[in-house]
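Data block below; observations after.
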Amino acid sequence: MEISKINWGDDSAERDNNLLSYFVGTESYNRLLQKEKSIIVGRKGSGKSALRKKLEQDFLSDENTHVINISPKYSSIRNILNEKSLTEGFGEEIFFLHSWLRQMMLDSLCTIGHAAKGKYSTDSIAFSRDIANQLNRTSKDLVENISEVLGRLKVKAGSLGDLGLQLERELRNVADADSLEHHITELTKSGAKFIIMVDDLDLGWDNSELSNNLLLGLLSATSHIMAISENIHVMIFLREDVYSILMEKTQHSDKYRNIERIRWGKDELISLLEERIKFNFNITSSPPQEHPIDVVFPKTVGTHNTDNWLIERTLSRPRELIQISRFYTESVAGNDPSDDILKSCEGTYSTWKLDDLCTEYSNQYPGLSEVFSYWKTAFFRYKHTLRRDDLDDMIFRLFDEATINQEWFNKFVSEVDLDGFLNVLYEIGFIGDFVLGGEGGSKTFYSYTDKHEPRFEEVQIHPCFRKAVNTVDRIRVKAKGI
């Protein structure tokens, strides 16, 4: 088949109809299938939604297991965060705890009430069927449930603080928690199993106190509902940066440390490409290949093996690898792999990746795109490996000349906090901490791969961003201006 005709699949796992045909299993997947973890953490594009889709298929192979998907829409989250009553007295973690409990239990009862065939507890099945019929087979969405709980509370008090010692009891009453919990418990005693998957929580999240309380309430609700029965398991899929922020906001972070952190090794990432290539061969009736990746990609790029070259230009996430592969194959004419075309795609991919990075961290660090716009013009054709004295000069200049009116950036400028700014660049993956020498030789540590306390004596700009910010590979002399 022609290389340019390869279909790498949709960027969104939810919209990729062929995902399960070329899904690559990992150790993370195996642990989650065994229900060993309830919080799944990964950076944007690391494959969280793909995991959820595959896990749902496998859990449903057990006829007693009911999978409930809760994926709030962007507009739902924004409506919640814009609700004046929540910002002025009701938007505490404990309020959202009971709202999430109500959501999860209603969704579970609706699912089993619609699908059950009478093999569970008679009274609770009847109750579930009534719920399903009342709500037209599907539960209310998160906004409707929160509005209902909020409306009932406002009849009783002007704010949560007005409820005093009766707060917990009143919240359980308005959320119908006792009744819903009773019937869920009876169903699990009869053999029903519930897997509740909560995803897309970063949609609309803005790092405000209210948005963080919304998610902290979910974490608390998860602990509560899983304590009801061993036949209830909740899986929360969180972006890694969002998870880190939440752990800084709660006094109970120790309860949420047993997480599944999604990490991809080189072999797993290359397997991901190979499975997609095989799928394309199969659907076009092309003959199978022993090494399918060699049919599509050149074996080397310059002096580098292509697999290493590709992996080095990602932050070890599937979406990035698929994107650079897509840019490459769409540019190839005919059936012959081309290292020249692969190299020529690097600039387009690098710009895409830098834009993607700025979007990923737009809530924590708004204005990142302006930082990098200044960087790629002011530091044009600077080397990608930088010593600390060079870095200090560059950041001083950035602080002095760049106009970036954002609170986080202005704080660094006013305090002349060079280390704070470097830690941001390290955290987001733009730079790595280059450690020279030692028994293991030189190594660059990046935040997404290693537990490491950066020293910043020397750093390297990550390969996937070098083209986008106009660095050069081989100039080793000090560039003009630093």
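The values are calculated or read from the model by the stated rules, or taken from the named source; none is laboratory data. Keep in mind it's a predicted model, so treat the numbers as computed, not measured. Counting neighbours? That spans all protein chains shown, and the Cβs are built from the backbone with ideal geometry, glycine included. We work out accessible area using only protein heavy atoms, side chains counted, and drop any ligands, DNA or RNA first. Shrake-Rupley method; radii C 1.70, N 1.55, O 1.52, S 1.80 Å.
Kindly establish whether Val416 is open to solvent by 30 Å² or more (accessible area, probe 1.4 Å) and either farther than 24 Å from Ile262 by Cα or of a type in the set (Gly, Ala, Ser) (or both).
yes
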The condition of being open to solvent by 10 Å² or more (accessible area, probe 1.4 Å) and under 18 Å from Glu2 (Cα atoms) holds, among Gly302, Gly334, Gly347, only for Gly334
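Looking at the stretch 229-257 only, could you name the residues that are small (Gly, Ala, Ser) and either at pLDDT 95 or above or within 13 Å of the chain's Cα centre (by Cα) (or both)?
Correct list: Ser229, Ser244.
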If we keep only residues of the stretch 296-323 that are in a helix (DSSP H, G or I) and free of Cβ contacts under 8 Å to residues at least 60 places away in the same chain, then the residue nearest to Gly265 (Cα to Cα) is Ile311
Residue hits (the stretch 209-231; open to solvent by 10 Å² or more (accessible area, probe 1.4 Å), in contact (Cβ under 8 Å) with a residue 24 or more places away in the chain, more than 20 Å from Glu248 (Cβ to Cβ) and among the aliphatic types (A, V, I, L, M)) are Met226, Ile228
From the option list Ser75, Ser85, Ser71, Ser139, single residue qualifying as crowded, with 20+ Cβ neighbours inside 10 Å, among the hydroxyl-bearing types (Ser, Thr, Tyr) and modelled with pLDDT under 95 is Ser139
Listed by first then second residue, the pairs whose first member lies in the stretch 84-97 and is in contact (Cβ under 8 Å) with a residue 40 or more places away in the chain, whose partner is part of a loop (DSSP other than H, G, I, E, B), with beta carbons under 7 Å and at least 6 positions apart or on separate chains, are Gly89/Gly158; Gly89/Ser159; Phe90/Ser159
The correct count of residues that are closer than 21 Å to Thr359 by Cβ and open to solvent by 70 Å² or more (accessible area, probe 1.4 Å) in the stretch 404-413 is 2
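Say whether the condition of being surrounded by fewer than 18 Cβ atoms within 10 Å (Cβ to Cβ) and at positive phi is met by at least one residue in the stretch 309-323.
So the first thing to find is which residues in the stretch 309-323 are surrounded by fewer than 18 Cβ atoms within 10 Å (Cβ to Cβ), and the list is 312.
If we keep only those that are at positive phi as well, we get none.
No, because not a single residue in the stretch 309-323 is surrounded by fewer than 18 Cβ atoms within 10 Å (Cβ to Cβ) and at positive phi.
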All-but-one check, Tyr328 against (1) surrounded by 18 or more Cβ atoms within 10 Å (Cβ to Cβ); (2) assigned to a loop (DSSP other than H, G, I, E, B); (3) among the hydroxyl-bearing types (Ser, Thr, Tyr), failing number (2)
Quiz prompt | Test result for Glu170, free of Cβ contacts under 8 Å to residues at least 60 places away in the same chain and part of a loop (DSSP other than H, G, I, E, B) | solution = no
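Within the stretch 400-421, track down each residue that is assigned to a helix (DSSP H, G or I) and either touching an Asp or Glu at 6+ places or on another chain (Cβ under 9 Å) or farther than 18 Å from Glu370 by Cβ (or both).
The answer is Phe409, Lys411, Val413, Glu415, Leu418, Asp419.
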Checked against (1) at pLDDT 85 or above; (2) closer than 24 Å to Ile68 by Cβ, Ala126 satisfies every condition except (1)
Only unsatisfied item for Ile196, checking (1) under 23 Å from Asp62 (Cα atoms); (2) surrounded by fewer than 19 Cβ atoms within 10 Å (Cβ to Cβ); (3) not aromatic (Phe, Trp, Tyr), is (2)
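Which of the residues spanning the stretch 253-280 are part of a helix (DSSP H, G or I) and under 16 Å from Ser223 (Cβ atoms)?
Ser253, Asp254, Lys255, Tyr256, listed by residue number.
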Expected output for the stretch 358-374 (first residue under 11 Å from Asn405 (Cα atoms), partner open to solvent by 20 Å² or more (accessible area, probe 1.4 Å) and of a type in the set (A, V, I, L, M), Cβ below 9 Å, 6+ apart or cross-chain) is none
* Asked: Would a scan of the stretch 165-178 turn up a residue that is touching a Phe, Trp or Tyr at 6+ places or on another chain (Cβ under 8 Å) and either over 30 Å from Lys54 (Cβ atoms) or modelled with pLDDT under 90 (or both)?
  -> yes
Selection from the stretch 332-362 of residues within 26 Å of Phe281 (Cβ to Cβ), part of a helix (DSSP H, G or I) and of a type in the set (A, V, I, L, M, F, W, C) yields Ile341, Leu342
Here the qualifying pairs (Cβ atoms under 7 Å; residues six or more apart or on different chains; first in the stretch 251-271 and in contact (Cβ under 8 Å) with a residue 40 or more places away in the chain and open to solvent by 90 Å² or more (accessible area, probe 1.4 Å); second in a loop (DSSP other than H, G, I, E, B) and not small (Gly, Ala, Ser)) come out as Asn258/Lys37
Within the stretch 370-385, residues over 30 Å from the mean Cα position of the chain (by Cα), among the hydrophobic types (A, V, I, L, M, F, W, C) and open to solvent by less than 30 Å² (accessible area, probe 1.4 Å) come out as Ala378, Phe379
